[in-house]
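The values are calculated or read from the model by the stated rules, or taken from the named source; none is laboratory data. Worth saying up front: this structure is predicted, and the values here are computed from it rather than measured. When we count neighbours, we look across all protein chains shown, and the Cβ atoms used for this are built from the backbone with ideal geometry, even at glycine. For the accessible areas, the whole protein counts, side chains as well, though only heavy atoms, and no ligand, DNA or RNA atoms are used. Shrake-Rupley method; radii C 1.70, N 1.55, O 1.52, S 1.80 Å.
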Amino acid sequence: SQGDPNVRIPEASDIDLIRDLKQKVNQTAINLSEIVNFSHEVAIGLAEQFDVLHKVSQGDMNARVLGDSSLDLVERQKLLTNEMIESVSREIADRKHAESELKKYRDDLEDLVQDRTQELLHANRNLNQEINDRKTAEIALKESEEKFRKIAASAQDALLIMDHAGRVAFWNEAAVKIFGFTEKEI
């Protein structure tokens, strides 16, 4: 058969040169057969590796190169490819876990922010109400003081108010007339 490296020709010949030439042809066929077998095994190994890498690129992180080869080169390449897939698979799993944890923390933080926002809004409403109540009380106190001053100023009797230390805090006009001292002088 033409092109078949396994075919051998009979080496018997009465002529030395022809016999030597036939031996050389058979040795060349043996060498070619080894090259063809080596190339075939490398090609099969590469084809399986490319197939597995294609599956991985499509998301199948469980794909692995499984075939056995008598060639150390093909076996080493298989081991390296499988180790690389394992490493990438672990990295993806770690990233997914980290993303999941980050999402959980982000969701928890968002809940906490919403809770704190509601608390702050409630506290703000209470503070605004307290401010309004104090303003109302302050206005009422000023109005009451003004009424008291008008009443005290127009009273015919002496009126005086002393603070907790015994100092005169208020002295009306009738007191000035009766005692002869102004409020500042007292």
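Scan (1) under 60 Å from the mean Cα position of the chain (by Cα); (2) more than 28 Å from ASP94 (Cα to Cα); (3) assigned to a loop (DSSP other than H, G, I, E, B) for the single condition ARG8 breaks and write down its number.
All conditions pass for ARG8, except number (1).
Can ASP68 be described as exposed (fewer than 11 other Cβ atoms within 10 Å of the Cβ) and within 27 Å of the chain's Cα centre (by Cα)?
No, not satisfied.
Looking at ILE151, is it out of contact with any helix residue (DSSP H, G or I) (no Cβ under 6 Å at 6 or more places or on another chain), part of a helix (DSSP H, G or I) and within 30 Å of GLN49 (Cα to Cα)?
It is false that ILE151 is out of contact with any helix residue (DSSP H, G or I) (no Cβ under 6 Å at 6 or more places or on another chain), part of a helix (DSSP H, G or I) and within 30 Å of GLN49 (Cα to Cα).
Quick one: count up the residues across segment 22-65 that are free of Cβ contacts under 8 Å to residues at least 12 places away in the same chain and surrounded by 14 or more Cβ atoms within 10 Å (Cβ to Cβ).
Summing the residues that are free of Cβ contacts under 8 Å to residues at least 12 places away in the same chain and surrounded by 14 or more Cβ atoms within 10 Å (Cβ to Cβ) in segment 22-65 gives 2.
Is there a residue in segment 128-143 that is open to solvent by less than 70 Å² (accessible area, probe 1.4 Å), part of a loop (DSSP other than H, G, I, E, B) and of a type in the set (A, V, I, L, M, F, W, C)? Steps first, answer last, please.
So the first thing to find is which residues in segment 128-143 are open to solvent by less than 70 Å² (accessible area, probe 1.4 Å), and the list is 137, 140.
Filter again for part of a loop (DSSP other than H, G, I, E, B), leaving none.
No, every residue in segment 128-143 fails to be open to solvent by less than 70 Å² (accessible area, probe 1.4 Å), part of a loop (DSSP other than H, G, I, E, B) and of a type in the set (A, V, I, L, M, F, W, C).
So that you can scan it fast, the table gives a plain yes or no per residue for (1) in contact with a Lys or Arg (Cβ under 8 Å, 6 or more places away or on another chain); (2) open to solvent by 90 Å² or more (accessible area, probe 1.4 Å); (3) within 30 Å of SER57 (Cα to Cα):
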position	(1), (2), (3)
ILE85	yes, no, yes
ILE92	no, no, yes
GLU99	no, yes, yes
ARG106	no, yes, no
GLN118	no, yes, no
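Is it fair to say ASP163 is under 17 Å from GLU183 (Cα atoms), charged (D, E, K, R), in contact with a strand residue (DSSP E or B) (Cβ under 8 Å, 6 or more places away or on another chain) and at pLDDT 90 or above?
It is true that ASP163 is under 17 Å from GLU183 (Cα atoms), charged (D, E, K, R), in contact with a strand residue (DSSP E or B) (Cβ under 8 Å, 6 or more places away or on another chain) and at pLDDT 90 or above.
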